[in-house]
Every structure is written in C-alpha cells, then in structure tokens.
Amino acid sequence: MNAVVISQGRVSWEPRPDPVAGPHDLLVRIQAAGINGADLMQRAGHYPPPAGTPADQPGLECSGVVEAVGDQVRSFRPGDRVMALMAGAAQAELAAVHERHAMPVPEAMSAVEAGAFPEVFCTAHDALFTQGGLAMGDRVLVSGAAGGVGVAAVQLAVAAGATVIASARSRDRHPALAGLGATPVTPDQVPATGPYDVVLELVGAPSLATAIEAIAPWGRVVVIGTGAGSHLELDLGLLMRSRATLRASTLRNRSLEEKAVVVRRVEHHVLPLVARRVLRVPVEATYPFSQVQAAYERFAAGAKLGKLVLTAG
Ligand SMILES: NC(=O)c1ccc[n+]([C@@H]2O[C@H](COP(=O)([O-])OP(=O)(O)OC[C@H]3O[C@@H](n4cnc5c(N)ncnc54)[C@H](OP(=O)(O)O)[C@@H]3O)[C@@H](O)[C@H]2O)c1
C-alpha cells in the first residue's frame, strides 16, 4: 500500500508494508482521512505517537470500507462503511483498526465528512460533556471556535441546548459560526460576553487567562489545545472565588479501553444527530493523498473553517 510518511520535516505519499489486522481488528480500505494539529506536530518531531504506532506515519482519523475482519470481531463485517479513531497511521490506503475504536458511518454522511469526524467530535464531546459536565441552559465559551474541534464543539453545545459564544480572531469566519447557532466574538470581546459555565480552551494560555476571569460560579474550564502557548501566570484566587474547576487532557495517549468508551459515547449520543443532518462536518478543502505536503502547508497557514481532508482516488 501507499501511506503518508514523515521524513526530515516533510510528508510524502510512499509505499509502506500493508498493516496486519489482529483478531480484534478491522482491515479498512481508507477513503478519507482528516488532518489534525497533532499531525503537523508529529511532522516537526514534537509529538511522538504511543508505543505500537509507527512514528513516521501520521493520521488520527479515517473513513473507509471494511475489507476483512479478525476472527474475534463481532461488530462489523466486510463491506461495512466505518470511521475510526486512531493513534496514528490513518493517512494511508489501508489501516488496521481496533473494532472498538470504529463507528458505523450514517447513510447520510459522506466519506469525506466521516474521515474528518472521529478525532474532533470525540475530543469535543469528551471535553464538553464528560469533563465539562455541560448541561442544558449552560453558557459556553469555545475559544478557537473556527477550527476542526471548535466547529464540532459549537454544534454539540448548541444541540444540547446551551448558549454558545464562539471566539474566533478573524471576523471572516463569524458568519459561518453564527450559522452553526453560536454568537461569534473576537477574543477581545470574551470578557464582556461572560460569565461562562463551561469554557473549552482550544487556543492556549493567552486566551485561557481571559476566560478564567469570566468564569461563572461553579464553572468548568477544559484545556484541550495549547498552540498559542502553554505557560501562564494564574491567580488561583479567581478559581477559588468562583468555585471553578480547571482541567486538561489529551485523547491520543489514553488506553484502548478509555478511548473505546469515548467512541461509544459519541456513537450513542452524537451519531443519531449526524444521521438526521443536525450535525455536520464543515470541510474547508480536500486534497488527494498524493498532495499531502500541500495539504499540510495549507493547514499550517490557518484561517480555515473546520477541516482539511485527504482523499483516496
Ligand atoms: N487534547 C487533545 O486530545 C486534542 C485533540 C484534538 C486537538 N487538540 C488541539 O486542540 C487545538 C484545536 O484543534 P483543531 O483541530 O481545532 O485545530 P485547528 O483546526 O488548527 O484550529 C485551531 C483554531 O485556533 C485558532 N487560533 C490559533 N492560534 C490562535 C491565537 N493565537 N489566537 C486566536 N485563535 C487562534 C485558529 O484560528 P486561525 O484560523 O485564525 O489561525 C483556529 O481556528 C489544537 O491545538 C490541537 O492540537 C487537542
């Protein structure tokens, strides 16, 4: 097969040995695979994948068709359309995917959307609901709302009955965020639109400091991204006075079981809304796998709405 391969700070589409599916794995013929910030960090040598995943093959999510199944697989059959959360190597012609990290693709969902769904919707759902305890009527701030995780989080929070403030530095993307049901603001407007019951921090330290100052009593702040910086001076008194919780997490380095639970929650709570087209995966652009270097450069340039997706054929 061919796969996206990292070499000397670049990515290219090159031959690699076919993956070997274990007894609990699906062998998936990949149709589409989303690009994530972690892929670019891995390309730069900063984000090695967990043990057992090739260090030079990026990709955290994909969609495709099941070609074969291991003898212990119970949930899927050859021919099924699936999408999967992976720890790496999702940007390839074939992937071996643990069946518990795979989800069926709703009929109404395209392969491109499905290939860009698992990482960002699993991350956003886990952060907002499991960690942030989001409830109907909550006031939510999504900081860095125009990116892949951001547009997922905005839609999930709106669908759950929250009031959603979507912070994005470029006003060009505000109409689209309003179209998803949020109130778009620039980062400097964040203090004036609080207090927030839940903050999903996708930008990092600079915007986190502002958000914490606007946290509501018993508010929950969940840090998922630190692209703009990971160090800040924090007045703990702010958290104490508001009885607030500050937490942070990554998804990729969790155990097989932990990730399987996240995937099952998304399958149960989110896929029905995808099937009804209440939730969508905004895709800024697609690139054939052979143009992966150009696609990564486009991701690095920012100023996009939602996802960039690599496609087969
Ligand atoms: N913890 C986890 O498990 C996990 C999982 C997935 C993603 N992440 C991280 O979460 C973050 C968001 O992921 P993503 O897929 O949504 O990335 P993305 O598609 O690149 O989106 C990032 C968004 O943040 C905005 N942004 C970046 N720097 C900014 C700054 N200094 N001020 C204001 N806005 C800024 C970008 O705006 P512009 O377009 O204007 O640049 C963009 O809209 C990334 O850091 C990613 O690595 C973490």
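Structure data summary
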| read-out | value |
| --- | --- |
| Test result for Asp18, at pLDDT 95 or above, of a type in the set (D, E, K, R) and in contact with a Gly (Cβ under 7 Å, 6 or more places away or on another chain) | no |
| Any hit, region 280-290, residues being closer than 22 Å to Gly133 by Cα, assigned to a helix (DSSP H, G or I) and modelled with pLDDT of 95 or more | no |
| Residue that is within 12 Å of the ligand (Cβ to nearest atom), open to solvent by less than 60 Å² (accessible area, probe 1.4 Å), over 20 Å from Met109 (Cβ atoms) and of a type outside the set (Asp, Glu), where the choices are Gly306, Gly225, Gly237 | Gly225 |
| Single unsatisfied condition, Ala260 versus (1) hydrophobic (A, V, I, L, M, F, W, C); (2) part of a helix (DSSP H, G or I); (3) within 25 Å of Arg139 (Cβ to Cβ) | (3) |
| Search result, residues across region 43-52 that are in contact (Cβ under 8 Å) with a residue 12 or more places away in the chain and within 17 Å of Arg254 (Cβ to Cβ) | Pro49, Pro50, Gly52 |
| The one condition in (1) among the hydrophobic types (A, V, I, L, M, F, W, C); (2) open to solvent by 20 Å² or more (accessible area, probe 1.4 Å); (3) in contact with a strand residue (DSSP E or B) (Cβ under 6 Å, 6 or more places away or on another chain) that Ala135 fails to fulfil | (3) |
| Matching entry among Val120, Val158 (being closer than 22 Å to Val222 by Cβ and open to solvent by less than 10 Å² (accessible area, probe 1.4 Å)) | Val120 |
| In region 1-34, residue surrounded by the most Cβ atoms within 10 Å (Cβ to Cβ) [restricted to those that are among the polar types (S, T, N, Q) and touching a residue at least 40 places away in the same chain (Cβ under 8 Å)] | Gln31 |
| Criterion violated by Ala89 - all others in (1) more than 19 Å from Ser249 (Cα to Cα); (2) within 15 Å of the ligand (Cβ to nearest atom) satisfied | (2) |
| Qualifying residues in region 240-251 (those that are hydrophobic (A, V, I, L, M, F, W, C) and touching a strand residue (DSSP E or B) at 6+ places or on another chain (Cβ under 7 Å)) - the one nearest to the ligand (Cβ to nearest atom) | Ala248 |
| Selected residue (only one of Gly59, Gly45 is open to solvent by less than 30 Å² (accessible area, probe 1.4 Å), in the same structural domain as Gln291 (by TED's automatic domain parsing), touching a strand residue (DSSP E or B) at 6+ places or on another chain (Cβ under 9 Å) and on the phi > 0 side of the Ramachandran plot) | Gly59 |
| All positions within region 177-209 that are within 18 Å of Gly148 (Cβ to Cβ), within 11 Å of the ligand (Cβ to nearest atom) and open to solvent by 40 Å² or more (accessible area, probe 1.4 Å) | Val203 |
| Count of residues meeting criterion [surrounded by 15 or more Cβ atoms within 10 Å (Cβ to Cβ) and of a type in the set (S, T, N, Q)] in region 260-290 | 1 |
| Pair list, Cβ under 9 Å, 6 or more apart: region 212-233 residue assigned by TED's automatic domain parsing to the domain that holds Ala153, other residue part of a strand (DSSP E or B) and of a type in the set (S, T, N, Q) | Trp218/Thr245; Gly219/Thr245; Arg220/Thr245; Val221/Thr245; Val222/Thr245; Gly225/Ser143 |
| Entirely in region 112-227, the strands (runs of 3 or more DSSP E) that have 1 or more residues that are closer than 30 Å to Gln91 by Cα and of a type outside the set (Gly, Ala, Ser) | 139-143, 196-201, 215-223 |
| Identity of the residue in region 62-79, open to solvent by 50 Å² or more (accessible area, probe 1.4 Å) and in contact (Cβ under 8 Å) with a residue 24 or more places away in the chain, that ends up farthest from the ligand (Cβ to nearest atom) | Asp71 |
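The values are calculated or read from the model by the stated rules, or taken from the named source; none is laboratory data. Quick caveat, the model's predicted, so the values are computed rather than measured. We place every Cβ from the backbone using ideal geometry, glycine too, and count neighbours over all the protein chains shown. Please note that ligands, DNA and RNA were not included when accessible areas were found on the heavy atoms of the full protein model with its side chains. Shrake-Rupley method; radii C 1.70, N 1.55, O 1.52, S 1.80 Å.
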